[in-house]
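The values are calculated or read from the model by the stated rules, or taken from the named source; none is laboratory data. On a predicted model such as this, the values are computed, not experimentally measured, just so you know. Every residue, glycine as well, gets a Cβ built from its backbone with ideal geometry; the counts of neighbours run over all protein chains shown. Ligands, DNA and RNA are excluded from the accessible area calculation, which covers all protein heavy atoms including side chains. Shrake-Rupley method; radii C 1.70, N 1.55, O 1.52, S 1.80 Å.
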Amino acid sequence: YAIPATQPWITATRISDSRIDVAWGQTKTAKAPYTSQLLQRRMWIGGGWSAWADYASFGGTATTYTDTSVTSNRVYSYRIRSGNSSGVSDWTGAAEAWMTPGPASSLTSVLNTNGTVTSTLVLCSAT
């Protein structure tokens, strides 16, 4: 066997605040089949991305996954790669799903020296 090619695309679709559907394409061939696939996930936390973590593994024919361990006020990112007895492909690009933002977390107002007020409203911190 040859090392499998990277999957050609990946998508992450927010269905609700408790569900994201992840789907990906395949370019497997008889000379480079997929016998396994590994999905990784990361989250936007406090102004930065968490590290990629192995999240789910599949046989070579899978092309979808439903993630029901998600919550509102977060951004989730997914990537996948395939493998066989000869090695593993490169990772796909990342697919992101944005969940419903939480309530406003802060409002700051400043009285300027010219008598005007400048306000800043933070709507979502994606924590």
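Worth a mention:
- Set of the stretch 13-34 residues, backbone N closer than 19 Å to the point 7 Å along the Cα-Cβ line of residue 69: 13-23
- Per residue, the accessible area of the chain comes to 56 Å², computed with a 1.4 Å probe over protein heavy atoms only.
- Surface share of carbon and sulfur [accessible, 1.4 angstrom probe, percent] for the chain: 55
- Estimated FRET transfer efficiency when R0 is 41 angstrom, pair residue 96-residue 36 (beta carbons, to 0.05): 0.95
- Magnitude of the charge dipole, the chain, Cβ model with Lys/Arg +1 and Asp/Glu -1, debye to 20: 220
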